[in-house]
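Enquirer: Please read through the structure below; I'll follow up with questions.
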Amino acid sequence: MIELRSVHKAFGAREILRGLSLEVPEGQNTVIIGYSGTGKSVTLKCIIGLLQPDAGEVEVDGDIVGAMEPDELVALRGKIGYVFQSAALFDSMTVNENIALGLRRRAIAESDLRDRIEESLAVVALGDAGEKYPSELSGGMRKRVGVARAIALKPKYILYDEPTTGLDPVTSAVMDELMVRTRDLGVTGVIVTHDMRSAFTAGDRVAMLYEGQIRQVGPAAELRETDDPVVRQFIEGRPDAPLSLRRAER
Amino acid sequence: MQRTAIAAPQWGRFVAHVGRWTLGAMRALGDIATWRSHLVPQMRRLGVDSIPIALFIAVFTGIVLALLSSYIFTGAIPLYFVGALVGKTIMMELGPVLTGMALAGRVGANIAAELGTMKVTEQVDALETLAYDPRSYLAVPRVLAATIMFPVVTAFAVAVGVVAGWITAVNLLDLSTQEFWKGLRQFYQFKDVWFGLLKSASFGAAIALMGCYKGLTALGGAQGVGAATTRAVVLGCESILVLDAFWALVLL
Ligand SMILES: Nc1ncnc2c1ncn2[C@@H]1O[C@H](COP(=O)(O)OP(=O)(O)OP(=O)(O)O)[C@@H](O)[C@H]1O
Ligand SMILES: [Mg+2]
């Protein structure tokens with residue numbers, strides 16, 4: 001299980017996370033929604049130890065991420081797949097090599113490597129892109145390679161940072177389906193998204209990050225019916241309220 | 001240079017930072033499986049591909065040294081000393097230092113720009129999430145490759161520089177091949193060679209370290225990468241001068 005306990009994170013004088021607490025139960029997809037720039041990506045990076053919280057704790061399977069020795073960190077990363085918002089593919093390598101790199105680190109036999117790569121590329125419908133370089137792919141294709149790179153590892157957890165942004169409606173529906181299927185295989189997912197359809201299709205639980213804290217978290221169905229005006233308004237995407245609401249709260 | 005003097009108090013913090021970073025790199029060095037396969041390609045890219053520029057510089061250094069020493073010596077010192085001066089200065093000082101300076105631009109900038117771009121496009125973060133240590137995957141093979149290949153490139157440069165000096169002496173000065181080699185051999189010591197090569201190995205290590213350090217700590221976007229690259233080259237050149245003085249103090 002992943003648990004964040006009153007995590008604080010600031011960049012310079014700018015406080016991004018201000019006591020964020022969240023539990024990610026195993027075997028489910030937890031969706032994090034929230035305004036652009038509220039720290040959703042920062043939250044994911046704290047989970048995998050790319051960023052260290054200034055205060056508070058991140059716990060994965062009973063171990064505190066911040067206090068890890070280098071080899072414990074390697075073990076942590078061995079069980080977490082990470083889909084970057086920017087895809088972050090290695091641009092000097094082909095798609096196949098991008099996916100193989102993580103597999104090699106996990107000491108997967110070379111003979112299984114090809115199958116694993118083909119399998120994961122097929123899942124994101126990019127079976128014929130293996131020999132291409134990232135610069136030859138469209139933005140949405142790169143995104144899907146990023147997903148393939150994470151799922152090829154067959155990790156225990158996958159952190160998806162906006163997996164459907166930049167995808168056409170059909171491909172993003174396929175991506176939602178993929179995240180559901182991956183969950184059904186027992187993988188725990190944390191999905192950051194702006195796409196409400198995706199949130200309620202792929203998510204079992206939904207949490208809204210607002211002003212550095214979790215405003216509300218609960219089963220997807222429950223959040224859809226929420227009375228909280230901030231969450232309601234975000235889910236419904238009404239343009240008028242946020243500014244007036246924020247002003248009223250200060 | 002002036003900026004360095006003004007920034008003196010910052011140097012302490014900087015050195016501590018580099019020290020901590022170097023310690024981490026030492027640990028990265030132990031992770032042989034990660035960097036092994038990248039060593040030879042880097043040796044080719046940073047070393048072999050740098051040979052043309054190093055030889056270009058060496059040819060002209062050899063020519064100028066021969067002309068210069070004959071100009072200085074004429075009428076005062078036997079001309080065969082031209083061989084000694086050309087040989088010794090190229091082996092001990094100009095070969096390693098000029099090659100180092102040229103490669104600080106080529107190798108230091110190459111490393112800083114590549115790693116800096118990887119940093120700001122989150123590729124370095126991606127490596128980390130795949131459970132690699134970016135220092136052992138990216139930095140170690142480059143630093144090792146530069147440390148191994150700088151002496152090789154310098155050795156070629158020294159040989160070509162001496163030959164250029166000899167050809168110049170024979171064709172443009174009143175000197176025979178026998179006299180040139182007499183001067184060269186009379187004052188030659190084995191130390192001249194290893195002193196120069198040791199220096200160039202340390203230059204290679206310093207330049208690659210600066211490139212990796214500046215690249216992996218680049219911030220922002222294209223501008224950040226540009227700034228990191230410039231700093232890497234400047235720091236590389238500065239460390240060459242400092243190391244050059246250091247080895248002269250310690251070993252001569
Ligand atoms: N490495 C960093 N250095 C400085 N500031 C940062 C850094 N990373 C993130 N920030 C800042 O933290 C804030 C939150 O960033 P984050 O990327 O988590 O937003 P987000 O919620 O993922 O937004 P989006 O939905 O647009 O991706 C932003 O204002 C950003 O400027
Ligand atoms: Mg984000």
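Enquirer: Working only within region A:173-193, note down all residues that are more than 14 Å from every other protein chain (Cβ to nearest Cβ) and within 16 Å of ligand 1 (Cβ to nearest atom).
Expert: Hits for region A:173-193 are A:I191, A:V192, A:T193.
Enquirer: Another one. Which residue, of A:G49, A:G81, A:G39, is buried (at least 21 other Cβ atoms within 10 Å of the Cβ) and either within 14 Å of another protein chain (Cβ to nearest Cβ) or of a type in the set (D, E, K, R) (or both)?
Expert: When all the criteria are applied, what remains is A:G81.
Enquirer: Right, another one. For residues that are under 21 Å from A:T165 (Cα atoms) and in contact (Cβ under 8 Å) with a residue 40 or more places away in the chain, scanning just region A:100-132, find the one that is surrounded by the fewest Cβ atoms within 10 Å (Cβ to Cβ).
Expert: Result: A:A125.
Enquirer: Going through A:T94, A:T43 one at a time, which residue ends up being within 13 Å of ligand 1 (Cβ to nearest atom) and at pLDDT 90 or above?
Expert: A:T43
Enquirer: Within region B:110-145, can you find the residues that are assigned to a loop (DSSP other than H, G, I, E, B) and aromatic (F, W, Y)?
Expert: Matches in region B:110-145: B:Y132 only.
Enquirer: Still on this structure, I have one more. Within the set of pairs 6 or more residues apart or between chains, which connect a residue that is within 12 Å of chain B (Cβ to nearest Cβ) inside region A:136-164 to a residue that is away from ligand 2 (no atom under 15 Å from the Cβ) and at pLDDT below 90 with Cβ atoms less than 7 Å apart?
Expert: Final answer for the pair search is A:L153/A:R106.
Enquirer: Which helices (runs of 4 or more DSSP H) sit wholly inside region A:37-133 and have at least 2 residues that are among the hydroxyl-bearing types (S, T, Y)?
Expert: A:40-47, A:110-123
Enquirer: Still on this structure, I have one more. Out of the residues in region A:194-209 that are in contact with a strand residue (DSSP E or B) (Cβ under 6 Å, 6 or more places away or on another chain) and within 16 Å of ligand 2 (Cβ to nearest atom), state the one that is nearest to A:I16 (Cα to Cα).
Expert: Among those residues, the one meeting the criterion is A:L209.
Enquirer: Can you tell me how many residues in region B:128-144 are more than 12 Å from the chain's Cα centre (by Cα), of a type in the set (A, V, I, L, M) and crowded, with 22+ Cβ neighbours inside 10 Å?
Expert: 4
Enquirer: To continue, here is another question. Looking only at region B:210-252, count how many residues are buried (at least 16 other Cβ atoms within 10 Å of the Cβ) and assigned to a helix (DSSP H, G or I).
Expert: Residues in region B:210-252 being buried (at least 16 other Cβ atoms within 10 Å of the Cβ) and assigned to a helix (DSSP H, G or I): 24 in total.
Enquirer: Could you identify the single residue in B:A109, B:A113 that is modelled with pLDDT of 95 or more and more than 14 Å from chain A (Cβ to nearest Cβ)?
Expert: From the options B:A109, B:A113, the qualifying one is B:A109.
The values are calculated or read from the model by the stated rules, or taken from the named source; none is laboratory data. Note that this is a predicted model, so its numbers are computed, not measured. In this analysis, Cβ positions are derived from the backbone assuming ideal geometry, glycine residues included, and neighbour counts consider all displayed protein chains.
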